Amino acid sequence: MRNLIDRHLWCLAVVVTALCSCSKSEPHATDFYYWKSEFKIGNTEREIFETLNSNKLYVRLFDVDKEGAKPNPKGIINSFSPDLLDTEYIPVVFITNRVFSGLSMEENQQLAKDVWSLTSNIISKNNQIQFNEIQIDCDWTSSTKESFFTFLRTLKTVSEKEVTSTLRLHQVKYKETTGIPPVDKVYLMAYATSNPIEDSELNSILDRGLLEDYLQSINEYPLKFDIALPLYSWGVVSNHLGNKKLINGVSHEHLERKEYRKLGSSTYEVLEDVFLRGIWLNKGFLIKVETITPELLKDTRAYLNKKVKEPYNIVYYHLDSLFTQRFAIDDLK
């Protein structure tokens, strides 16, 4: 009888241990994007980067957009100081989807060469930092996928680097029509779940219900991926005619002043003409604040831990004390 009891206790211990190990979430390495036109890393940014033991900083070097019929670079980071952080720098280039609309094969190949040339020139002016990867951020669609994918193949050939790309939520859900990019790896943007300009009570930066809908088949995606999560906020401003625009970086704290009146949990009315983060607003304008709270971030990470079967790293968007100050270190681990 004693042996039988001992055997049952041992089995119970094994089951409990297994259940505990299943419920315990695995830690994910955490890195950051840097998305400003001027490269400045302050003490606050450095401290959070180092405390989280981050190893990579994904730096947007420039954008490419179409002016007339010709693609042109914009918002170029002409210089940055790589010694500000002891890390691996990954260059990122944002290209608008319309660039790839109507692009001839010759123009496509030239674009890849030009992107690589400007990227390597910027890098060479900054202490010749070593890098093995270049990331392309583009919200391609079914109509531009062939042009974009051709660009990616050419870029890999001319750069002789690992080429990666971002992956929007709709490109996961509708992968049969938007296609699978010919890259070494993708970075899933687990945010921008809806259009901020549309009238909606949802948080357009990140809504958990919409995220789950987009990612129903994420485990079937055929490429290796890491996951980008948002830390940013903005204000959606409506004028008297109902026209809307975004003001980046707006939070509730900015509107806790006599010039604004709170109408709801996230909406405010402008009571007198005022500048908000350098933008002139008139009396009567309405502002909807959309932000990422520590609670929403925690909830999203818990969902991803449960949903995603393969290991992944997290890349936060982005390294800016304006946003990171809202989070404790434990919120980001």
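Side notes on the structure shown:
- 28 Å Cα-Cα threshold exceeded, pairs from Lys156/Lys333; Lys36/Lys307; Lys56/Lys161: Lys156/Lys333; Lys36/Lys307
- Shape of region 118-217, Cα gyration tensor, a/c cut at 1.5: prolate
- Within region 210-231, backbone nitrogen closer than 13 Å to the virtual label 7 Å beyond the Cα of Lys309 toward Cβ: 217-223
- For region 233-290, the alpha-carbon coordinates run over 25, 22, 21 Å along the three principal axes, in decreasing order.
- Full extension of the chain between His252 and Phe275 yields a length gain of 6.8 nm, computed as 0.36 nm times the residue separation minus the alpha carbon distance.
- Estimated [θ] at 222 nm from DSSP helical runs (n ≥ 4, -39500 (n - 2.57)) normalised by residues in the chain, nearest 500: -9500 deg cm²/dmol
- Prolate/oblate/rounded call for the chain, Cα gyration tensor, a/c under 1.5 rounded: oblate
- Shape of region 226-333, Cα gyration tensor, a/c cut at 1.5: prolate
- Look at where the Cα atoms of region 90-146 and of region 284-306 average out, and the two centres are 31 Å apart.
- Ranked list, fewest to most other Cβ atoms within 10 Å of each Cβ, for Asp320, Asp299: Asp299, Asp320
- Note: relative contact order over the chain, using C-alpha pairs below 8 Å and six or more positions apart, is 17 percent.
- Sorting the segments 35-46, 219-230 by their residues' average number of neighbouring beta-carbon atoms within 10 angstrom, most packed first, yields 219-230, 35-46.
Taken together, the values in this text are just the output of simple stated rules run on the coordinates, not laboratory data. Note that the structure is predicted; figures quoted are calculated from it, not measured. Heads up, the Cβs are rebuilt from the backbone with ideal geometry, glycines too, and the neighbour counts pull from every protein chain shown.
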